[in-house]
């Protein structure tokens, strides 16, 4: 039996009393303890009169009544009222320890999560740096990767690639001192998988185009296009080829030009034939050996001056190799520019005198195969 405060009037009453002697409220079999503060309350009360805690039970839950008439959870018989605050303090300590334990667990979980997140970020950065090296030829970047990621699974591969690039860099430095088609081709053969492959192809492209331009023939340009169908100078080469085709001289045209020049030297010059000279030049005057207003008589006079007293005859032969290309004339029409060597043989009565000369002849003929300009220079 315990003396408690009456849940109704707050007067003192025994837990075994049938009713409260002060207010008459039924006590025996009608008590239960507050789960919050541990004080006695009536079963019919919905709120603890001591702490105000709600005493409503969840739906379907019932409190069992002890055999002596008290609710389960009431203070054992013989337990004094002073034991209730002690139980309350013990509950608060457990709550504090629970909160502290939860906080520690949260911190540990946060630390583990942060560690794995940081590891993930480092792996992502390592993979990005590794992939970035795919387009790098400088060995120093590979060395830096080995320093930054000494435990990387790519270390063996990176180290091997770095050694290859170091040897390649030495040979590349030597190549820069003298770039030729042979040296570039040799570098490409020694390093077939090099990242400098594209640079080498560009070098060969430029070298071959420069050579094709220097030669200037249709065959040279065609050869460049065959070697570099996607080269940097393809457009320029195609235009050059079209121009050369338009200016290309046919074998028939070359034969007619040769015939005109042979007739001019063998008749107009060798025989001082004014009719032949007139047939070889246009109706207007021509440029002949520096004279911009030369005519048939000018040509014959030039030939007569070559006939010294001991000269019996002049004989001319045009060499087989003759360079001819088409050229735009001052009047806008297309003509033929010619360069050829001429051999002059002189028949003399005085055999001690020179009997032959070699001349370089440059001429310009119009579409009618008439000579509009001709220069004769002793070679």
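Would a scan of the range 166-189 turn up a residue that is in a helix (DSSP H, G or I), over 28 Å from residue 230 (Cα atoms) and touching a helix residue (DSSP H, G or I) at 6+ places or on another chain (Cβ under 6 Å)? Yes. Screening 370, 341 for residues that are at pLDDT 95 or above and under 21 Å from residue 271 (Cα atoms) leaves exactly one candidate, 341. Taking the listed residues 351, 298, 362, 345, the one that is in contact (Cβ under 8 Å) with a residue 24 or more places away in the chain, farther than 19 Å from residue 257 by Cα and either part of a strand (DSSP E or B) or out of contact with any helix residue (DSSP H, G or I) (no Cβ under 7 Å at 6 or more places or on another chain) (or both) is 345, with no other qualifying. Of all residues assigned to the range 315-325, at least one qualifies as being in contact (Cβ under 8 Å) with a residue 60 or more places away in the chain, part of a strand (DSSP E or B), under 60 Å from the mean Cα position of the chain (by Cα) and more than 30 Å from residue 242 (Cβ to Cβ).
Taking (1) loosely packed, with under 15 Cβ neighbours inside 10 Å; (2) without any contact (Cβ under 8 Å) to a residue 40 or more places away in the chain; (3) within 30 Å of residue 218 (Cβ to Cβ) in turn, residue 305 satisfies each apart from (3). Residue 368 falls short on exactly one of the conditions (1) over 54 Å from the mean Cα position of the chain (by Cα); (2) over 13 Å from residue 260 (Cβ atoms), and that condition is (2). Residues that are touching a residue at least 40 places away in the same chain (Cβ under 8 Å) and in a loop (DSSP other than H, G, I, E, B): does the range 119-136 have at least one? There is at least one residue in the range 119-136 that is touching a residue at least 40 places away in the same chain (Cβ under 8 Å) and in a loop (DSSP other than H, G, I, E, B). A residue that is modelled with pLDDT of 75 or more, over 60 Å from the mean Cα position of the chain (by Cα) and exposed (fewer than 12 other Cβ atoms within 10 Å of the Cβ) can be found somewhere in the range 54-65. Among the numbered criteria (1) touching a residue at least 12 places away in the same chain (Cβ under 8 Å); (2) surrounded by fewer than 14 Cβ atoms within 10 Å (Cβ to Cβ), which single criterion is violated by residue 240? With respect to (1) touching a residue at least 12 places away in the same chain (Cβ under 8 Å); (2) surrounded by fewer than 14 Cβ atoms within 10 Å (Cβ to Cβ), residue 240 is out only on (2). Among the residues making up the range 268-291, those that are part of a helix (DSSP H, G or I) and surrounded by fewer than 19 Cβ atoms within 10 Å (Cβ to Cβ) are 274, 275, 278, 279. Being over 25 Å from residue 141 (Cα atoms) and either part of a helix (DSSP H, G or I) or modelled with pLDDT of 90 or more (or both) is true of residue 205. When the test is whether a residue is part of a strand (DSSP E or B) and either within 55 Å of the chain's Cα centre (by Cα) or surrounded by fewer than 18 Cβ atoms within 10 Å (Cβ to Cβ) (or both), residue 332 does not pass it. Can you say whether residue 297 is closer than 30 Å to residue 377 by Cβ, in the same structural domain as residue 364 (by TED's automatic domain parsing) and either touching a strand residue (DSSP E or B) at 6+ places or on another chain (Cβ under 9 Å) or modelled with pLDDT under 90 (or both), as far as the supplied structure shows? Considered against the rule, which asks whether it is closer than 30 Å to residue 377 by Cβ, in the same structural domain as residue 364 (by TED's automatic domain parsing) and either touching a strand residue (DSSP E or B) at 6+ places or on another chain (Cβ under 9 Å) or modelled with pLDDT under 90 (or both), residue 297 comes out as no. A count restricted to the range 12-23 and to residues that are modelled with pLDDT under 85 and assigned to a loop (DSSP other than H, G, I, E, B) stands at 4.
The values are calculated or read from the model by the stated rules, or taken from the named source; none is laboratory data. Bear in mind the structure is a predicted one, so any value in this text is a computation, not a measurement. Heads up, the Cβs are rebuilt from the backbone with ideal geometry, glycines too, and the neighbour counts pull from every protein chain shown.
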